[in-house]
């Protein structure tokens with residue numbers, strides 16, 4: 001063995017190699033810190049994005065829009081019966097006074113079809129709400145009252161600018177309105193007035209030309225393929241068929257090409273052009289006073305169209321008239337141009353008012369987006385949580401105490417422990433299937449020739465069934481948390497109690513459990529919070545049903561917040577989208593509150609021995 | 001012993017006494033007269049006690065008689081089995097699943113490991129104080145009242161309060177805590193906590209008090225208080241104390257048993273063990289050659 005010179009080894013601590021190694025180590029630390037910061041920044045950004053999306057959407061539904069009307073309440077005999085009944089569930093739908101007051105609020109006579117469109121801007125529920133007003137005070141019947149009618153969901157979205165509202169464009173010229181009997185209305189304007197409209201129309205034409213070009217290429221492909229098929233075919237009948245097809249393809253190709261050429265020309269030509277405003281084009285309005293003209297053709301210094309609300313003929317100076325444009329074509333928005341004009345006039349008259357949307361929290365689910373609220377789901381979630389807690393907590397605590405304090409340590413208890421830990425990791429939808437089979441549907445088995453059903457004692461869609469399923473899911477969490485906190489109680493406490501002559505049960509109940517309780521509660525609350533946000537298992541026991549009333553007890557059908565969110569999110573009405581965000585906000589508030597409670601409990605009762 | 005600065009004259013006096021103890025075993029109790037020993041009643045009669053932890057034998061063939069109204073101390077190096085043996089006396093070892101006890105241990109003539117004996121009832125008669133003070137994290141009142149409550153010792157609240165006052169007085173803690181019985185027991189100082197644990201054990205009205213190194217977690221002043229207390233307690237109880245401090249054994253006990261590697265090598269009057277030990281190992285241990 002060679003002898004080692006430790007003095008020489010010590011000298012290495014001040015060598016260049018050591019310094020280099022030191023630099024490398026510092027650099028590695030800096031890098032590691034940077035990675036960490038990047039990861040956290042990324043997570044924070046994602047969270048911020050999610051949070052801001054939800055908050056923005058939620059804020060958009062904190063208020064809802066009403067239209068101030070002055071209906072004269074008139075009730076038919078059948079309506080009167082309902083209005084005077086003591087049963088609060090019997091509601092009268094006074095939709096006629098609502099629509100009559102609407103018609104009275106707009107100038108001129110309205111056709112039946114337009115009448116329907118006009119009534120469509122207020123909620124279908126407005127009649128019922130007027131009925132509620134009259135039911136509360138029967139003396140109002142026959143009187144004219146001030147009434148705020150809830151607007152339809154699409155109208156509300158329109159007012160919030162979801163489809164774009166008419167945007168003013170350059171109107172720094174005089175406008176000359178020419179009205180002739182039997183002729184379309186003509187408005188003559190200065191040359192600069194319509195340049196913005198042309199820009200939008202040209203862009204749209206250019207886009208359409210590209211689509212036409214794509215269509216032409218598709219047809220050309222079909223032509224090529226068909227020509228090849230004709231070359232390979234031998235059966236004359238088949239050849240005739242293919243040639244007929246070829247002919248059709250060629251015609252379609254030529255038509256697309258012709259369309260493309262025309263659109264291209266319109267998109268590029270600068271002067272002397274006439275745009276026909278179709279359904280797929282932006283809408284151009286001329287607004288003078290309360291009168292509205294919708295453009296049908298647009299030329300350089302001339303707009304031809306029809307009145308939606310009449311404008312007196314004459315010459316209007318700069319500033320007294322307005323050209324307005326909605327870029328989104330009428331065909332792609334649920335509010336027609338006719339409705340836009342009504343709504344804009346109501347808004348200009350100050351008849352549209354905003355109110356705090358208490359309906360969102362107080363109402364239950366509804367098919368109409370403007371009426372839907374989360375109260376039913378909150379009550380459903382409450383019952384479900386009550387059932388889950390009262391099943392899972394006692395069972396979980398008892399299981400934890402037995403396993404920690406009483407059970408012998410052997411293979412069986414080891415097996416149980418492993419299984420409980422694994423159970424906590426089982427996907428929740430599996431618990432849903434289990435719960436469906438056992439609690440709701442029941443399992444049919446044949447025993448000694450007779451068929452018997454096991455389980456199936458809970459009604460479908462009920463908080464009882466949902467709560468039982470969630471209890472299965474939460475149980476392992478509570479048992480694990482319970483065992484951990486029971487184990488954290490120092491053995492000296494057990495020794496003290498046993499040394500005084502307390503039995504094992506007394507030791508566990510009087511001393512161990514009270515000390516472990518904060519920990520058990522913390523674990524349970526976190527388990528409950530998890531259950532509160534759970535969706536998948538509840539879908540399987542039917543808690544995603546459409547239920548318009550809060551469940552009065554755990555056995556009535558109900559739904560919960562997460563399943564309501566799931567349902568609303570798959571609805572096509574756009575207002576549901578915003579209300580979904582609001583429901584998510586409420587759910588998150590509950591979850592954060594529960595977790596805060598868990599943290600508070602932990603801090604409050606934290607013990608050091 | 002290191003020099004200590006202490007605030008009060010009383011404390012200084014106590015330190016002085018400890019110093020003399022440490023140096024020359026000067027303060028030994030006077031040997032009792034022969035007839036007194038003969039009259040002494042035997043509380044525990046242990047014969048050929050073996051204790052196994054699984055396969056390992058922790059106690060080998062220990063035979064010992066423990067007297068009533070006297071202090072018996074168990075001394076010996078670490079791991080010699082004195083605590084294990086102590087825990088056999090009130091069957092605290094039952095809580096360890098792999099522990100087996102052989103031989104006989106009789107309390108007033110009844111085998112404590114008999115099938116008919118309920119260990120819970122046994123522990124009410126044989127109280128225990130542990131190495132580390134372990135008051136329940138509850139009020140002082142609840143700590144002391146727990147034993148009487150679960151054993152039904154008090155008929156009413158007044159009786160219960162009487163028991164608690166008497167127990168705290170016997171544990172020399174009453175004057176310090178009588179005004180704050182509702183404050184938590186864990187808020188007391190280490191020495192007070194240990195006296196609280198003793199009061200708690202006394203409140204159950206046991207016949208025997210087992211103490212497993214009751215002073216090892218305490219400072220010298222608290223230790224002195226506990227030792228005075230033990231001296232008082234022997235008027236009414238049979239006290240068995242496990243200790244690592246030979247001075248303590250010499251100061252408080254009348255009988256001393258020396259344990260070594262699971263066997264009891266010697267058991268005699270304390271004065272005899274510390275002046276003329278009968279076994280070479282005992283001599284080596286008490287003179288500090290090992291241990």
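Nothing in this text is a laboratory measurement; each read-out follows from the coordinates by a stated rule. Predicted, not measured: the structure shown is a model, and the values here were computed from it. For neighbour counting, all protein chains shown are included, and Cβ atoms are generated from backbone atoms with ideal geometry for every residue, glycine included.
Summary table below
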read-out	value
Options B:134, B:143, B:93: the member that is within 14 Å of another protein chain (Cβ to nearest Cβ), closer than 28 Å to residue B:254 by Cα and outside any loop (DSSP other than H, G, I, E, B)	B:93
Subset of segment B:170-196 [in a helix (DSSP H, G or I) and either touching a strand residue (DSSP E or B) at 6+ places or on another chain (Cβ under 7 Å) or within 14 Å of chain A (Cβ to nearest Cβ) (or both)]	B:185, B:186, B:187, B:190, B:193, B:194, B:196
Sole exception among (1) more than 43 Å from the chain's Cα centre (by Cα); (2) outside any strand (DSSP E or B); (3) under 30 Å from residue A:296 (Cβ atoms) for residue A:187, by number	(2)
Residue within segment B:271-286 that is outside any strand (DSSP E or B) and closer than 20 Å to residue B:43 by Cα present	no
Within segment A:491-567, helices (runs of 4 or more DSSP H) holding 1 or more residues that are within 13 Å of chain B (Cβ to nearest Cβ) and without any contact (Cβ under 8 Å) to a residue 40 or more places away in the chain	A:491-499, A:513-532
Failed item, numbered, when residue A:236 is tested on (1) closer than 29 Å to residue A:200 by Cβ; (2) surrounded by fewer than 12 Cβ atoms within 10 Å (Cβ to Cβ)	(1)
Which listed residue, of A:203, A:209, is under 28 Å from residue A:322 (Cα atoms) and surrounded by 12 or more Cβ atoms within 10 Å (Cβ to Cβ)	A:203
Residue A:477 being touching a helix residue (DSSP H, G or I) at 6+ places or on another chain (Cβ under 9 Å) and either away from every other protein chain (no Cβ under 14 Å) or at positive phi (or both)	yes
Some residue of segment A:598-609 being in contact with a helix residue (DSSP H, G or I) (Cβ under 6 Å, 6 or more places away or on another chain), closer than 30 Å to residue B:190 by Cβ and more than 14 Å from every other protein chain (Cβ to nearest Cβ)	yes
Exclusive hit being without any contact (Cβ under 8 Å) to a residue 12 or more places away in the chain and out of contact with any helix residue (DSSP H, G or I) (no Cβ under 7 Å at 6 or more places or on another chain), set A:358, A:366	A:358
Residues of segment B:96-130 satisfying the condition of being within 11 Å of another protein chain (Cβ to nearest Cβ), surrounded by 15 or more Cβ atoms within 10 Å (Cβ to Cβ) and either touching a strand residue (DSSP E or B) at 6+ places or on another chain (Cβ under 9 Å) or in contact (Cβ under 8 Å) with a residue 40 or more places away in the chain (or both)	B:122, B:124, B:125, B:126, B:127, B:128, B:129, B:130
Positions within segment B:51-83 being under 24 Å from residue B:283 (Cβ atoms), surrounded by 21 or more Cβ atoms within 10 Å (Cβ to Cβ) and touching a helix residue (DSSP H, G or I) at 6+ places or on another chain (Cβ under 7 Å), in sequence order	B:59, B:62, B:71, B:73, B:74, B:75, B:76
Complete set of residues in segment B:146-169 that are at positive phi and either in a helix (DSSP H, G or I) or more than 14 Å from chain A (Cβ to nearest Cβ) (or both)	none
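So that you can scan it fast, the table gives a plain yes or no per residue for (1) closer than 30 Å to residue A:581 by Cβ; (2) assigned to a helix (DSSP H, G or I); (3) in contact with a helix residue (DSSP H, G or I) (Cβ under 6 Å, 6 or more places away or on another chain):
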{"position": "A:9", "(1), (2), (3)": "no, yes, no"}
{"position": "A:21", "(1), (2), (3)": "no, yes, no"}
{"position": "A:27", "(1), (2), (3)": "no, yes, no"}
{"position": "A:40", "(1), (2), (3)": "yes, yes, no"}
{"position": "A:44", "(1), (2), (3)": "yes, yes, no"}
{"position": "A:57", "(1), (2), (3)": "yes, yes, yes"}
{"position": "A:66", "(1), (2), (3)": "yes, no, no"}
{"position": "A:99", "(1), (2), (3)": "no, yes, yes"}
{"position": "A:103", "(1), (2), (3)": "no, yes, no"}
